[in-house]
Every structure is written in C-alpha cells, then in structure tokens.
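The values are calculated or read from the model by the stated rules, or taken from the named source; none is laboratory data. Model, not experiment: these values are computed from the prediction. No Cβ is skipped: glycine too gets one built from the backbone with ideal geometry, and neighbour counts run over all protein chains shown. The area values use the complete protein model at the heavy-atom level, side chains included, leaving out ligands, DNA and RNA. Shrake-Rupley method; radii C 1.70, N 1.55, O 1.52, S 1.80 Å.
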Amino acid sequence: MARQTEFLVGACCVFVALSSVAHGIGVNWGAMMSHPLSPSIVVGMLKDNHINKVKLFDADSWTVSALAGTNMEVIVGIPNDQLKKLADSYDHAKDWVKENVTKHLYDGGVDIRYVAVGNEPFLKSYNGSNTKTTLPALENIQKALDAAGLGDKIKATVPNNADVYESPSNKPSDAVFRKDIRGIMIDMVKFLRDNKAPFMVNIYPFLSLYLNSDFPFDFAFCDGNAKSIHDKGTEYTNVFDANYDTLVWALKKAGAPDLKIIVGEVGWPTDGGKNADAKLAQRFYDGFMKKMAANKGTPLRPGHLDVYLFGLLDEDTKSIEPGMFERHWGIFRYDGQPKFPVDFTGKGNDKMPVAAKGVQYLPSQWCVFNGNNTDKDAVVNELSYACANADCSILGYGASCNNLDANGNVSYAFNMYFQVRDQDVESCTFNGFAEIVTRNFSKGSCLFP
C-alpha cells in the first residue's frame, strides 16, 4: 500500500462513467497544496465518480480550461485579496469577467453558473477587513456579467460562513444577522433578491461539535440517532437542518423569505484532531447522502437542496489557525487516493470512490531521524524547522500519528520536509540528524508520505 502514500508530481487521466450522484450534490476543488494534481487528472477523477458540479476558490485559467467540454456546472471564485480592487473599479470588474468568465464560454467550453465573490469575507477573525469592499465588489461583478450579456445565466454571490447569522436562544426562529454586519447583510440580501441570485452559506456540523464540548454528539449527524429539539412546533433531528433553517428565518426577517440558498461547503475532516477521523467522516457522509437522495430538504425548506461537499482533496498548505484538521477535509488524499467508502448516490451502497488515475510518484524513499540523540535541543530545533516549512498537522492530539514516540515524531517531520522539497538530497541533512532510507516508516494508520 506504500504507493498510495508517496508524494506525487503530476500526470494524465482516464474517463469511466458510473451511476449518478445524489441530485444537487457538487464538490469543492481546492488547490492549496505543495504538490497539486494536474487539473486533467482531477477532472478525470470527477468524471470517474460521476460528479458533475464543482466549485473552485479562484479562476485559475489552467484549472477552468480543464473543465471545458465536460458539461460540469462550475462555480468560479474570487479570493478575498481581490475584493478591494473590484470594489474600487467597475472597469476592473469588467476586465475580470472578460478574462475569467467570457473567454471560457465558447461552444463546447465551460458551463459556468456562478461567480463566488470572496470566501467567507465576514468571518469574525478577519476583524471587519472586508466589510466595506465585499458588497461593492459583488455589485460590480454582477453589473459586469449583465453588461456582457451573461446576467440571466450567471449570477454573482458571496460564500458566507454560518457565523453571519446567530440566534440568542439557539433556536432557528430567533435568528437574526450578526449585529456588527446586520446592515450590510440586509443590503446584500436585497441585492441578491433583486438580481435573482442565491444566498450561499457554508455549514459545518463538525465545527459545532469541535467548538462546544457540551454539544450533543449524535446531533452532528443526519442518521436519526440524535435526541430531537423543537422550535415552534418544528422538530429538528440534526444540526445541519437547524442551522439551515436558522438562515431561512434570518432571510425572512430581512425581507427575502423565498431567496434561493446554496450550501457552498459541508463535510467532515478525517485527521488532525479529536473526532476528525475517517470513521466519523463516513458516518457523516452516509447520513447526509441518504438525506440528499431522499430530497427531504429541511423542515422549512422541504425538497431539493443545492450542496457542495467540502472537499474533494486534502490541502497540505492551508492555514491551520482554525485547527490542525483544516488540511484534512478531503474525501481523497492529496494524491487522489480515497480515504473511506462512500456512496455518492445516497443509496447506502458504500464502496471506495474511484481513485485518481495516472498519478506519477517520486521514488520510494524517506528521510528519517538517524537516532543521534547527542544534542536533544538541536534535534528539537531541527524538528521545529521542518514543521514550520511542511505539514505536521497529524502529529497532534487525537490525530493519526499521535502515538509515535519522540524519535518517530522527528522522523515524520523530517520526511514531510524532504517530500515537500521533492526529495532533494540537501533537504535531508538536518545538521547530521537525518538519513535517507528505502524502508517505508508508515505505522498502522500513521502514513509517512
């Protein structure tokens, strides 16, 4: 199984059609990786698993172009660091639409449906840095889409974190938009309503559990095993429905009770901390996929839901400020190998998803600690350097490599740095504390890439 865990450098793909995924399901394709897969490989993997809706976090031309001719519905994104420029200048917005949307819309091109303006720009942790630019950027992008004759088909929206609304009682019916941004959110909702664009929200049951030690464990899942809560005669059996309907109430109070909602992100991480593991991820996806296949919707919005799973692939260079699990949201590892059985059709026939094809790996060699403990402080310094420049997120409490001994921790850190540097011999010196070996040092569920 070592080939599944070695670092990769690129390749090509094969297309195989399978049974359709549950209606309304798409997937997020992020690329914050030290060794991103070639877009052609990822597109092949999407097609092999019959996923036909994809959401991107930017509009990288190589990536978007790879989706041409696939008939996949595509959301292209605008990163937060571009919001000010687009807010300040309608001409910049027109140029952005021409370069990142219009050029892909030839016959047989890319089926772009939405432009995601920013990514959770109103997060509390951003301290209001995007409050003055997000809505003007949204307005300019939609105006530019309209001017290009695309406004009827392609809508601009903003992917919001669920922290933009709140309920003092934790009951959906008491929902309001967050006090510090309430005026902006109401203006945005009216703009979306007037332009027949959807409200996009990211809902994370895992984070409800992670951030609150008193949160009822089973309520994070959609499999009916939780004790239900009641709100004005409405019964809720899981936090996804309750969170979604909290937004429905907030929209109603903002004057847009029927505004279309898209769930931009929902998923479960598989590593990097307590409750972040493949077994619980499988439980979450099993229940959620069955819910989607049944078209049950939520109590206040029964029927069809539009949802994008987060995410397709692990991303080993994402910020770990929210938690070590941030780099492990993928249904697939960064090399396109699936982590757990799942049935995208929601029929409960779990099997391993189809892995990426044509991936090329570096040689089967690893950089590990040579056991020289003569200067423990120096060894710790080298470990710290390796982890500052590579991903050591699965060494922490509750993660898959948490049970390594001290020497194993050092070896893991050294190897991650070595692989990220494409196995450059000079990257496996660490002041004489490291050596290159051909024996795979993976132990149990702890994988040494």
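Here are some notes:
- Selection status of residue 150, free of Cβ contacts under 8 Å to residues at least 60 places away in the same chain, assigned by the TED database to the domain that holds residue 242 and part of a loop (DSSP other than H, G, I, E, B): yes
- Scan of region 184-213 for residues that are open to solvent by less than 10 Å² (accessible area, probe 1.4 Å), of a type outside the set (Phe, Trp, Tyr) and not in a loop (DSSP other than H, G, I, E, B), ordered by number: 185, 188, 189, 192, 200, 201, 202, 205
- Just one of the listed residues (117, 74, 97, 110) is in contact with a strand residue (DSSP E or B) (Cβ under 6 Å, 6 or more places away or on another chain), over 22 Å from residue 43 (Cα atoms) and in the same structural domain as residue 180 (by the TED database), namely 117.
- Enumeration of residues in region 167-183 that are surrounded by fewer than 18 Cβ atoms within 10 Å (Cβ to Cβ) and of a type outside the set (S, T, N, Q): 168, 174, 176, 178, 179, 180, 182, 183
- Selection status of residue 350, in contact (Cβ under 8 Å) with a residue 60 or more places away in the chain and open to solvent by 20 Å² or more (accessible area, probe 1.4 Å): yes
- Qualifying residue in region 403-413 (condition: within 27 Å of residue 36 (Cβ to Cβ), surrounded by fewer than 23 Cβ atoms within 10 Å (Cβ to Cβ), among the small types (Gly, Ala, Ser) and free of Cβ contacts under 8 Å to residues at least 24 places away in the same chain): no
- Screening residue 354 against (1) of a type in the set (Val, Ile, Thr); (2) modelled with pLDDT under 95; (3) more than 26 Å from residue 436 (Cα to Cα) leaves a single unmet condition, (2).
- Only residues that are farther than 13 Å from residue 370 by Cα and touching a residue at least 12 places away in the same chain (Cβ under 8 Å) were counted across region 422-438, and they come to 4.
- Among residues of region 49-108 being open to solvent by less than 30 Å² (accessible area, probe 1.4 Å) and of a type in the set (D, E, K, R), the one that is nearest to residue 313 (Cα to Cα) is 55.
- Any hit, region 273-296, residues being farther than 27 Å from residue 41 by Cβ, hydrophobic (A, V, I, L, M, F, W, C), open to solvent by 10 Å² or more (accessible area, probe 1.4 Å) and assigned to a helix (DSSP H, G or I): yes
- For region 71-109, a residue qualifies if it is within 17 Å of residue 159 (Cα to Cα) and small (Gly, Ala, Ser), and the qualifying residues are 77, 87.
- Qualifying residue in region 330-341 (condition: surrounded by fewer than 21 Cβ atoms within 10 Å (Cβ to Cβ), among the acidic types (Asp, Glu) and either under 17 Å from the mean Cα position of the chain (by Cα) or at pLDDT 95 or above (or both)): no
- Here residue 365 clears all of (1) open to solvent by 40 Å² or more (accessible area, probe 1.4 Å); (2) under 30 Å from residue 268 (Cβ atoms) except the condition numbered (2).
- Against the list (1) assigned to a helix (DSSP H, G or I); (2) touching a helix residue (DSSP H, G or I) at 6+ places or on another chain (Cβ under 6 Å), the condition residue 222 fails is (1).
- Positions within region 297-321 being open to solvent by 50 Å² or more (accessible area, probe 1.4 Å) and in contact with a Leu (Cβ under 8 Å, 6 or more places away or on another chain), in sequence order: none
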